[in-house]
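Some notes on the structure that comes next.
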Amino acid sequence: MTRAAVLGLEDGSVWWGEAFGDASPASGEVVFNTAMTGYQEIASDASYNGQMVVLTYPLIGSYGTFDRAAESRRPWVEALVVRELVESCRAGTGDLDAYLRSYGVPGLLGIDTRALVRRLRAKGTLRGAILQVPPHRSQDPDIAREAVAKAQATPPLAAKPLVVESTGLARQSGSGPKVALLDTGVKENQIRCLVREGATVRVFPATSTARDVLSWSPDGIVISNGPGDPAAIPHVAATTRTLLDAAAQRGTQRALPILGICLGHQLVGRAIGATTSRLPFGHHGANHPVQDLRTGRVVITSQNHEFQIDEHSIPSDSGFLVSARNLNDGSVEGLRHEILPIRTYQYHPEGAPGPRDNEPAFEVFMSDVRVAVAMK
């Protein structure tokens with residue numbers, strides 16, 4: 001038996017469909033992702049904490065779900081919105097409906113996702129709410145008004161402690177040079193990439209201080225991806241500032257390599273005195289073209305973020321240069337220090353989902369780490 005559900009947006013529009021996953025209501029910002037595969041990786045990316053994700057590819061669920069495809073300990077999306085949920089083949093260990101239901105995450109299917117995405121592109125990210133609808137109240141205008149009112153009452157991302165919710169417990173894996181990872185919502189594939197490159201990775205929760213991180217005497221530091229507005233977590237930006245200072249104090253040849261990814265990239269930007277601002281509807285997908293400004297090479301990237309570093313605000317005396325640019329809108333996609341081994345990427349070099357073309361970023365970082373170790 002199908003269950004009716006409705007999505008109401010803060011602009012007053014209403015979208016009727018069918019429920020799947022959990023039967024609970026949901027609210028959050030509504031964003032869209034253009035990846036054709038990787039729905040489980042998307043759902044379990046902590047950068048989506050506080051958001052409901054509309055998948056633009058129309059047929060979702062065909063290959064089921066896999067334990068190894070989860071990018072964190074649970075799905076973080078507030079809800080998943082799809083055009084059609086198809087029966088999974090036997091490739092997976094479970095199906096998407098059951099996966100979401102087991103973690104209390106609702107879904108909505110059967111709506112015109114193309115029309116919804118066009119609205120989000122035209123108006124920007126909107127807050128929304130999904131309500132389950134009793135069988136005898138399908139298309140009830142009172143339910144529709146309730147969904148819209150709930151959407152309008154949903155707090156903005158900056159008002160929620162998203163990073164604190166998303167950070168995990170301290171843990172360690174791998175063997176080799178010591179890499180401290182500040183977890184603001186890390187995807188598991190970042191850790192896998194570092195371990196594959198020969199690192200011992202110790203994960204520090206986002207609540208850790210710079211002293212906590214440095215007391216382990218790391219050979220390199222990674223600041224991970226994560227959800228929300230970087231301006232809403234000034235304490236993490238302050239920690240990042242202290243880590244940057246510690247890297248520079250070791251001198252040019254022995255400087256501590258630092259890698260920032262997505263939110264980590266934005267936190268480095270704010271730590272050096274730059275400002276950040278919100279993009280109209282964010283970057284969410286696996287097909288964003290980015291150009292390396294030094295080599296001219298263009299790569300296709302995986303992205304998931306709502307905010308950007310404002311290029312004009314980067315202090316001229318910071319030593320940092322813009323290293324990469326998004327070819328769709330010209331936004332900053334990377335920073336590098338002129339002298340020190342500090343690099344950041346707005347996109348996700350680890351993919352998951354998305355192209356793996358950019359995984360060499362971890363190889364470059366670990367090469368810097370080995371040089372620093374050799375100079376000790």
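Every number in this text was worked out from the coordinates using simple rules, so none of it is lab data. Worth saying up front: this structure is predicted, and the values here are computed from it rather than measured. Every residue, glycine among them, receives a Cβ derived from its backbone with ideal geometry; neighbour counts consider all protein chains shown.
Here are the numbers for the structure shown:
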{"item": "Difference of contour (0.36 nm per residue) and Cα-Cα distance, Glu311 to Arg196", "result": "38.1 nm"}
{"item": "Cα-centre dipole for the chain with unit charges at Cβ (Lys and Arg positive, Asp and Glu negative), debye to 20", "result": "600"}
{"item": "Cut-off under 5 Å, modelled amide H: who pairs with Phe307 long-range", "result": "Leu279"}
{"item": "Top of Arg270, Arg278, Arg343 by mean-square fluctuation, Gaussian network on the chain, Cα under 10 Å", "result": "Arg278"}
{"item": "0 to 90° range, to nearest 10: angle between helix 234-249 axis and the chain longest Cα axis", "result": "20"}
{"item": "Phi to ³J(HN,Hα) by Karplus 6.51 cos²θ - 1.76 cosθ + 1.60 over region 54-67, Hz, x for Gly, Pro", "result": "9, 8, 6, 5, x, 10, 10, x, 5, 9, x, 10, 9, 4"}
{"item": "Neighbour-count order for Lys150, Lys187, Lys123, fewest beta carbons within 10 angstrom listed first", "result": "Lys123, Lys150, Lys187"}
{"item": "Contour excess over end-to-end distance, with Cα ends at Ser277 and Asp292 and 0.36 nm allotted per residue", "result": "3.2 nm"}
{"item": "Spacing of the two label points (7 Å from each Cα toward its C-beta) at Ala159 and Arg356, in nm", "result": "4.3"}
{"item": "Order by protection proxy (mean Cβ within 10 Å, highest first), peptides 232-238, 29-35, 211-217", "result": "29-35, 232-238, 211-217"}
{"item": "Gain in span if fully extended, Gln249 to Thr209, counting 0.36 nm per residue against the direct Cα distance", "result": "12.6 nm"}
{"item": "Asp329-Ser367 pseudo-label distance in nm [points 7 Å out on the Cα-to-Cβ vector]", "result": "3.2"}
{"item": "Within the chain, percent of DSSP bridges classed antiparallel, to nearest 5", "result": "60"}
{"item": "Number of Lys pairs (Cα under 25 Å; 8 or more positions apart or on different chains) in the chain", "result": "6"}
{"item": "Under-5 Å amide H pairs with Gly50, H placed in peptide plane, nonlocal only", "result": "Glu78"}
{"item": "Amide H contacts under 5 Å for Gly260, placed H, 5+ residues apart", "result": "Ile223, Arg343, Thr344, Tyr345"}
{"item": "Table column - 3J(HN,Hα) (Hz), region 321-326, Karplus curve with 6.51, -1.76, 1.60, x for Gly and Pro", "result": "10, 6, 9, 8, 9, 6"}
{"item": "Dipole of region 80-192 [Lys/Arg +1, Asp/Glu -1 at C-beta], most positive-end residue of Ala115, Ile143, Ala98", "result": "Ala115"}
{"item": "Computed E for Ser217/Val86 - FRET, C-beta separation, R0 56 angstrom, nearest 0.05", "result": "0.65"}
{"item": "The chain: calculated mean residue ellipticity at 222 nm from DSSP helix runs of at least 4, using -39500 (n - 2.57)", "result": "-7500 deg cm²/dmol"}
{"item": "Shape of region 193-320, Cα gyration tensor, a/c cut at 1.5", "result": "rounded"}
{"item": "Order by protection proxy (mean Cβ within 10 Å, highest first), peptides 294-301, 13-20, 256-263", "result": "256-263, 13-20, 294-301"}
{"item": "By average C-beta atoms within 10 angstrom, highest first, the peptides 152-159, 345-352, 195-202", "result": "345-352, 195-202, 152-159"}
{"item": "Note, ³J(HN,Hα) from phi for region 287-294, Karplus 6.51, -1.76, 1.60, rounded to Hz, x at Gly and Pro", "result": "9, 8, x, 10, 10, 6, 6, 8"}
{"item": "Relative contact order (percent, whole number), the chain, Cα cutoff 8 Å, 6+ residue spacing", "result": "16"}
